[in-house]
Structure formats: C-alpha cells, structure tokens
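Peer 1: Supplied in structure tokens, the structure appears directly below.
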DNA sequence: TCGAATGGAAAACGGCTGTTTAAAACGCCA
DNA sequence: TGGCGTTTTAAACAGCCGTTTTCCATTCGA
C-alpha cells in the first residue's frame, strides 16, 4: 500500500487541536500523542510543522475552491449573458462553504481555521491562501462586480471583506457566542440557524447606501 | 517616586509585539530585550505573562469603558424620555473607540488586540473581558434595545455580534487588507476612511429585514 | 533468498520557554 | 550616616519545543 492511515490520523487530530487552541499553542507531541502516532511521523510525512498546517488547510480549501469553480461555471452558463444576481452568488458561496466540511461534520473546525489564518501566524498562512486560492477568489469577485455595477470598485472590495469578517468572526467564535446566547435566551442555536440569520444582514450590508464623501474639515483632529 | 518607567516601557513594548505576532509567539525575553529592561522585571511587576497580557488590555479598556459610560449618561439625559436613536449610538461607540488610542496613536494595536482576544488564548482573555467590562457592554445593548424595539431579542444579540465581527475583523487585519487595496486601487486607505465606509454597512446590517422562518423541509439534507 | 525501499519507534539534539532565586544597587527617611 | 524598603540585576531552574538521527520491522521485486 502507498501509505498507511497515519497521515489521515495526523490530519484529523491536528485540525481539531489547531481549531481549539491555535497553531503555536498546539505542539507536535500534543498531536501525535492523541493521534496515537509516533512523534517523528509528522516530520517524516509532512516535512515540518508549517507544512502540516498548510496540509490541514489544503484538505478543506482544495475541494472548496473546486466546488465553487464548478458552481460558477454552471451559474454563468445558466444566466449568460445577463449577470448572476447577487443573492444567487451569496447563496452559492454559502452552500459551497457548507458542503465541504459536511462530509466530515466539521464546519466549526473549518471556520475556526479560517479565522486563525487571518489573525495568527504573522500572515504566512494568509499568503499561502492568497497564492493558492486567490484566482478562485478573484473570479468570485468579478462575478460580484457584474452583479453590482453601481458599486465603485474600491467600495465593493471593502464591503466584501466586511462581510467576510462578519461570517468568519461569527462562525469561528461560535462556541463562545453560543454559550452566551443559549444561557441568555434558552434557545439552541444551530449553524444552519445562524446562516439563516446571516443571509439578510450580509445582503443588506452589500447593498447599503454609499458612504458620504469624506469631509476635509474633520481631518486634523486625529 | 512610586515606580519607575519600567512598567510603562514593558507595556508599550508588549502591546506592539503582541499585536504583531500574537501572545504565544511573543516571548518575555523578546519583550524585555526590546524594552531594554531586565527579564525578571515582568514577573516582578506583573506576576506572570498572563497578568501582563491582561494589563495590556486593561490599559485600553479601562478608559474606553469609562468614556463610553459617561457618553451614555450624557446621551440618555439629553434624549430622555425618548430612546437614543440607533445611528447616534453607533456613532458614539465609534468615537469612543477612536478617542482612547488616539492619545497614543495606536488604534491599529487596539483593534489587533481585540481580534486576538477573540481567537487566541483559548478564550481566557474573552472571559477576562466579559467579567471586567460585561456590565458596560450590557448597558450599551440595553440602549440598542430601546432604539430597535421591533427587533426580537435573539436577533438583536446576533446582529450586534455580526457587526462586532465586521469591525474587529476589518480593523485587526487592516495592514494586510490595506496592502492589497493599495496595490489594486492605488488609493491610500486611512482608518478614518475605513470607518466612513463601515458606517452605512453596519447601519444597514442592523436594520436588515428579518430572516425568513426556518423551514423544516430543508433540514435532512445536511 | 537476497537486497532495497518504505514506514514506524525510540532516543537524543540544541534551543527557547516562563519562572524563581539570591545578591546587588538604588532612593529615602530617620 | 546608617538602615530599610523597593527595584534591578545576573544566573540558574526545570520543562517543553521542533527537528534529526539511528535502528528495527515489514514488504516487495528480482
């Protein structure tokens, strides 16, 4: 056989621990012990801890970007030559995100990892993601541009990142927020429920009125 | 004199390094060397690394929550007995956030720290913040409730966190995003500019239409 | 049956971590 | 001036880190 299930065991354990405690706070000994695998196996199969982290991401992002690309193919040919409506695009993005980890029941892990990628590791993960998946992201952005022709390019750029922040921040801090919400409102909150609540907020944010022009008078204060 | 500037030197250096690299990735030797202070000074003055981290947060959050409380006092007495309008509340929150680090020109650090508090340190920082500043936050939430009487409580809870995510995520990842934006649109983005863009998006998100009711039929799929 | 290749196991490597100790230096008041 | 808290200093502590090396077990094709 080409390779045992050691690689899979390491990845399965690593993604959970990374999501729980972060990259720096999770040691290789921590991972290999829980995975019931020898310490040296990580460096043998992946080369280094950094490469392991990237492998964890790739296992989610490769199928995700592939799915999203295929979905955009399908939508473009269905709507062509008219642009894909914004709601459809957002809806498709959501379901592409949902489908991938559904196979492993680990949406929470996926979202936590995304959140960590943006805040930890001095951005070396951010760079990796941008290099490997920037093309797909750019394609999605281009579709959104066609769907929102009245939005200036800069404004759309920032709003997309605002919305990315809304989703990633919420879903990556889900456990903590859910604790508070459940205690306060005695109502269990599922991920599907949260996405249902996110949908109108994100759509409204993207289509909000343009900001007022910057006033020169307010500048010298700070 | 009560105590030298060693404490201040440590805090000034620590907050910058924490914001740049995270808590776990920043060592005490790293801090004390750059601050030109003896290694043992941290444990002498603060007790532990954890306590140092909390002190860094307190130096921002104490004046912030005090300012916000005073501002809410003022607004309540000005508008009473009618509720404070939502736009005014959001505006006040923004300027309270802006005022505090303006004294030290470190809004970026402040935001990065907030972002880290939510994603790192296994939430022990999140707990600290909730214990020490939860009361102020709750007061603000109560004001928002008066301003948005038609919003169900659960919905308002989540939307506030959505908006918190938007702002914290954007401003804490500011440097990275700014790099992309500046390269792509050749237009420098200041923090004030970003807040100008955030305002209508946040307002629209809070006032978005209510989500459709959950459909039982859509559940078995995932 | 031999030899090579592959994967796993145990041990050790140097280096960095947060924390503690004990002694020295300092400023202040009597 | 002498003594006394307070602060700073240098050194050492035990422990964990990622990585490397060495050796053993297994498998496969010639």
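Peer 1: Given the criterion in contact with a helix residue (DSSP H, G or I) (Cβ under 6 Å, 6 or more places away or on another chain), assigned by TED's automatic domain parsing to the domain that holds residue B:203 and closer than 20 Å to residue A:181 by Cβ, identify the matching residue among B:154, B:141.
Peer 2: Unique residue meeting the criteria: B:154.
Peer 1: Where residues in region B:26-45 are more than 8 Å from DNA strand C (Cβ to nearest atom) and in a loop (DSSP other than H, G, I, E, B), which of them is nearest to residue B:106 (Cα to Cα)?
Peer 2: Out of the qualifying residues, it is B:35.
Peer 1: Buried (at least 17 other Cβ atoms within 10 Å of the Cβ), in contact (Cβ under 8 Å) with a residue 40 or more places away in the chain and not in a helix (DSSP H, G or I) - does that describe any residue in region B:62-80?
Peer 2: No, region B:62-80 contains no residue that is buried (at least 17 other Cβ atoms within 10 Å of the Cβ), in contact (Cβ under 8 Å) with a residue 40 or more places away in the chain and not in a helix (DSSP H, G or I).
Peer 1: Can you tell me which of (1) over 29 Å from residue A:187 (Cα atoms); (2) within 8 Å of chain A (Cβ to nearest Cβ); (3) in contact (Cβ under 8 Å) with a residue 40 or more places away in the chain is the one residue B:111 doesn't meet?
Peer 2: Result: residue B:111 fails condition (2) only.
Peer 1: Let me ask you something else. Can you run down the residue pairs with Cβ atoms below 7 Å, 6 or more apart or on separate chains, where the first is in region A:30-54 and in contact (Cβ under 8 Å) with a residue 60 or more places away in the chain and the partner is outside any helix (DSSP H, G or I)?
Peer 2: A:53/A:23
Peer 1: Any residue that is surrounded by 14 or more Cβ atoms within 10 Å (Cβ to Cβ) and closer than 23 Å to residue A:194 by Cα - is there at least one of those in region A:119-133?
Peer 2: The answer is yes; a qualifying residue exists.
Quick grid of which residues meet (1) at pLDDT 95 or above; (2) within 16 Å of DNA strand D (Cβ to nearest atom); (3) under 27 Å from residue B:118 (Cβ atoms):
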residue	(1), (2), (3)
A:4	no, yes, no
A:22	no, yes, yes
A:69	yes, no, no
A:75	yes, no, no
A:80	no, no, no
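Peer 1: Report yes if residue A:8 is loosely packed, with under 15 Cβ neighbours inside 10 Å, in contact (Cβ under 8 Å) with a residue 12 or more places away in the chain and either more than 10 Å from DNA strand C (Cβ to nearest atom) or not assigned by TED's automatic domain parsing to the domain that holds residue A:150 (or both), otherwise no. Working first, answer last.
Peer 2: Numbers: loosely packed, with under 15 Cβ neighbours inside 10 Å: yes; in contact (Cβ under 8 Å) with a residue 12 or more places away in the chain: no; either more than 10 Å from DNA strand C (Cβ to nearest atom) or not assigned by TED's automatic domain parsing to the domain that holds residue A:150 (or both): yes.
Spelling it out, it is not the case that residue A:8 is loosely packed, with under 15 Cβ neighbours inside 10 Å, in contact (Cβ under 8 Å) with a residue 12 or more places away in the chain and either more than 10 Å from DNA strand C (Cβ to nearest atom) or not assigned by TED's automatic domain parsing to the domain that holds residue A:150 (or both).
Peer 1: So which of A:199, A:156 is in contact (Cβ under 8 Å) with a residue 12 or more places away in the chain, assigned to a helix (DSSP H, G or I) and within 7 Å of chain B (Cβ to nearest Cβ)?
Peer 2: A:199
Peer 1: Something else now. Looking at region A:184-196 only, could you name the residues that are in a loop (DSSP other than H, G, I, E, B) and at the interface with another protein chain (Cβ under 7 Å from one of its Cβ atoms)?
Peer 2: A:187
The values are calculated or read from the model by the stated rules, or taken from the named source; none is laboratory data. Since this is a predicted model, take the numbers as computed values, not measurements. Every residue, glycine as well, gets a Cβ built from its backbone with ideal geometry; the counts of neighbours run over all protein chains shown.
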